[in-house]
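The values are calculated or read from the model by the stated rules, or taken from the named source; none is laboratory data. None of the values given here were measured: they were computed from a predicted structure. Here Cβ is always computed from backbone atoms with ideal geometry, including for glycine, and neighbour counts include all displayed protein chains. Accessible surface areas use protein heavy atoms only, side chains included; no ligands, DNA or RNA. Shrake-Rupley method; radii C 1.70, N 1.55, O 1.52, S 1.80 Å.
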Amino acid sequence: MITFETLKNTYPKIADRLAFIDFMLRFTGVVKRSDISEIFNLSDAASSKIIAKYSELKPGNIEYNRTVRANAIVRGSFQSLLDLDSETALGMLANGFNKNKLSNPARTAIPFAKIGRVPNNLSADSVAMITRAINGGYAISCCYISENSENHDRREIVPLGIMHDGSQWMFRGYHRNDSRNIFYKNFHFSRVREIVECSQDNKYKAKPEETLEADKRWNLILPLQLKIHPDRTPEDADRIRNDFGIAETTDELTIEVRCAIMWIVEKQWFIEKKVNSDKKNKQFFKFKLINAEMLKLIMETNL
């Protein structure tokens with residue numbers, strides 16, 4: 001693998017296009033000529049030439065797949081052209097391809113520093129297998145180091161979508177063999193081990209009831225009616241208003257969140273759900289959830 005700077009020095013006019021093909025193959029499994037044409041404003045003929053050049057540089061990486069009608073990764077012989085870290089790749093999967101992110105350090109319009117990033121905790125190859133499964137609609141076999149269970153045996157998980165909580169990358173997935181029949185869950189990329197892709201086996205293809213469309217908690221949007229916690233001092237309340245963009249004339253804020261990730265928001269925003277707080281609990285709550293009973297009724301009705 002080479003750096004993007006090396007690729008630019010060798011192929012200054014087409015480096016970003018070659019990088020895009022490599023990125024798409026590695027992290028989604030396919031790249032279409034129309035994708036290249038759209039992002040770089042090229043004709044179909046010009047896009048075909050770029051694909052041909054990439055195939056010349058990395059002949060074991062790409063082949064045309066008539067089933068998906070796209071150029072697809074050759075898993076058995078793929079060797080990435082670019083040295084791309086998982087954090088950058090996940091960011092571009094979420095926000096779109098950005099050649100400025102490929103430089104090291106990344107090119108930014110103004111000085112920027114990412115706070116709290118854990119170095120080297122995500123294997124780019126493991127991430128790629130998971131994100132390819134999301135795009136391809138099939139399960140992976142893996143071990144998972146769960147913080148809530150001692151069961152680290154192999155699991156079959158259908159990855160469905162990626163999430164970022166501000167510090168860690170996660171993915172939503174369908175756990176086929178969960179002993180408690182809780183199938184849709186949030187998984188941390190960093191806790192997945194020994195992944196085996198199952199892209200060619202029909203029994204691993206995602207069933208209709210294993211998709212994101214069938215995930216009720218993902219699709220249920222809940223209104224959280226929040227009030228600055230009554231235990232906060234006036235000075236604390238003013239700081240909370242400033243931090244969360246709350247008008248000076250009110251103590252309340254309503255946000256909408258997916259049911260599947262509500263617990264993450266509650267933790268990050270220091271939201272108290274209980275009606276009667278435990279005075280022995282020294283946790284610093286910023287907000288009180290004032291429509292907890294209504295949310296409970298909504299979930300009982302829809303889940």
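General remarks:
- Number of positions in the range 79-88 that are open to solvent by 50 Å² or more (accessible area, probe 1.4 Å) and either among the basic types (Lys, Arg) or touching a strand residue (DSSP E or B) at 6+ places or on another chain (Cβ under 7 Å) (or both): 1
- Residue in the range 203-210 that is among the hydrophobic types (A, V, I, L, M, F, W, C), open to solvent by 50 Å² or more (accessible area, probe 1.4 Å) and part of a loop (DSSP other than H, G, I, E, B) present: no
- Just one of the listed residues (Ser190, Ser179, Ser167, Ser146) is in contact with a His (Cβ under 8 Å, 6 or more places away or on another chain) and at pLDDT below 95, namely Ser146.
- Total residues in the range 216-243, condition over 21 Å from Glu293 (Cβ atoms), β-branched (Val, Ile, Thr) and not in a helix (DSSP H, G or I): 1
- Across the range 89-113, the number of residues qualifying as more than 11 Å from Ala19 (Cβ to Cβ) and open to solvent by less than 90 Å² (accessible area, probe 1.4 Å) comes to 10.
- Out of Ile261, Ile195, Ile246, sole residue that is modelled with pLDDT of 95 or more, surrounded by 13 or more Cβ atoms within 10 Å (Cβ to Cβ), assigned to a loop (DSSP other than H, G, I, E, B) and out of contact with any Gly (no Cβ under 7 Å at 6 or more places or on another chain): Ile246
- Helices (runs of 4 or more DSSP H) completely within the range 1-48 that count 3 or more residues being exposed (fewer than 15 other Cβ atoms within 10 Å of the Cβ): 4-10
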